[in-house]
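A short worksheet on the structure shown next.
The values are calculated or read from the model by the stated rules, or taken from the named source; none is laboratory data. Just so we're clear, the structure is a prediction, and the values are computed from it rather than from any experiment. Using ideal geometry, Cβ is built from the backbone for each residue, glycine included, and neighbour counts are taken over all protein chains shown. Side chains are part of the model used for accessible areas, which takes the heavy atoms of the whole protein and leaves out ligands, DNA and RNA. Shrake-Rupley method; radii C 1.70, N 1.55, O 1.52, S 1.80 Å.
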Amino acid sequence: MARPTRDERKAELLAAILDYLMDKTLAELTFRSLADGLGMSAYVLVYHFGSRDQLINDIVVSIESRLDRMRNTDVRDIDRAAWRDFLLDSWQWTMAQRNRHLTRLEFEATAQDIVAAEPRGTSQEHFRMLHHKTRDWLMVQGIPEEFADTDARLFTSTFYGLQFDFVVMNEPEAATKAFELMLTVFFNNLETRLAAGGQGG
């Protein structure tokens with residue numbers, strides 16, 4: 001069997017690291033603690049990740065890769081049923097227990113990034129991405145940009161807020177009911193705005 005390339009080995013290590021972090025925080029993570037937990041030499045980790053900052057960055061990037069599908073989708077080309085399904089699929093990813101902990105780590109990294117000397121900025125980027133994609137989709141439906149932007153921000157903030165609800169409370173059924181209600185309100189608001197000539201009441 002061929003020896004894994006460095007990139008392949010790094011991907012294997014990241015998968016193992018994410019498993020290791022299911023009941024831990026990024027704040028307590030060191031090369032030594034991670035090496036001890038994984039039963040390997042710290043030198044292996046230093047070789048593949050270089051520094052603790054780079055290790056944390058690679059962990060966060062790996063978690064955030066779940067957004068690749070959304071990032072690569074032009075939502076302006078999908079109808080309402082497909083948009084609803086698209087959002088529900090994204091939500092269902094979060095509802096898995098393993099992904100709850102990955103989301104917890106993502107929130108932790110976001111809180112750290114806010115006060116970092118050299119912030120990654122990816123949290124803002126991803127919030128902005130969902131906001132803008134929702135805004136663009138609403139504009140294609142016929143909502144003027146001014147109102148689409150506000151509605152999209154409310155949607156995005158609620159989406160992230162309900163993810164945080166699940167991370168904190170660990171009540172997937174209750175969080176999902178709230179998410180489904182949010183979708184109903186979102187689409188009802190769309191209809192109200194369209195009926196009022198795009199502006200709503």
Original post:
Going by alpha carbons, how many degrees (0 to 90, nearest 10) lie between the helix axis of 172-195 and the longest principal axis of the chain?
Top reply: 40
Original post:
By how many degrees, 0 to 90 and rounded to 10, does the Cα axis of helix 6-20 deviate from the longest principal axis of the chain?
Top reply: 80
Original post:
What shape does the range 61-201 take by its C-alpha gyration tensor, where a ≥ b ≥ c are the square roots of the eigenvalues and a/c under 1.5 counts as rounded, a/b above b/c as prolate, and the rest as oblate?
Top reply: prolate
Original post:
List the aspartates and glutamates whose alpha-carbon lies under 12 Å from that of Lys10, not counting same-chain residues fewer than 8 positions away?
Top reply: Asp58
Original post:
From the Cα gyration tensor of the range 84-151, with a ≥ b ≥ c the square roots of its eigenvalues, which class applies: rounded if a/c is under 1.5, or else prolate if a/b is larger than b/c, or else oblate?
Top reply: oblate
Original post:
With the Cα gyration tensor of the range 144-201 giving a ≥ b ≥ c as the square roots of its eigenvalues, does the rule (a/c under 1.5 for rounded; else a/b larger than b/c for prolate; else oblate) give rounded, prolate or oblate?
Top reply: oblate
Subject >> Point-charge dipole on Cβ atoms (K/R +1, D/E -1) for the chain, about Cα centre, debye to 20 >> reply: 320
**OP:** List, largest first, the extents of the alpha carbons of the range 1-144 along their principal axes, each in whole Å.
**Re:** 58, 43, 26
Subject >> FRET E, pair Val44, Ala117, Förster distance 30 Å, beta-carbon r, rounded to 0.05 >> reply: 0.60
**OP:** For the chain, report the accessible area per residue in Å² (1.4 Å probe, heavy atoms, rounded to an integer).
**Re:** 54
**OP:** Springs between alpha-carbon atoms under 10 Å, Gaussian network over the chain: tell me which of Ala152, Ala111, Ala178 tops the mean-square fluctuations.
**Re:** Ala111
**OP:** Specify, per residue and in Å³, the volume enclosed by the convex hull of the alpha carbon atoms belonging to the range 7-52.
**Re:** 65
**OP:** Give me the number: length gained by fully extending Ala15 to Asp77, i.e. 0.36 nm times residue separation minus the C-alpha to C-alpha distance, one decimal in nm.
**Re:** 18.9 nm
**OP:** Would you give the gap between the C-alpha center of the range 43-94 and the C-alpha center of the range 152-181, rounded to a whole Å?
**Re:** 18
**OP:** Averaging sequence separations of C-alpha pairs under 8 Å and six or more residues apart, then dividing by the length of the chain, give the relative contact order as a whole percent.
**Re:** 18
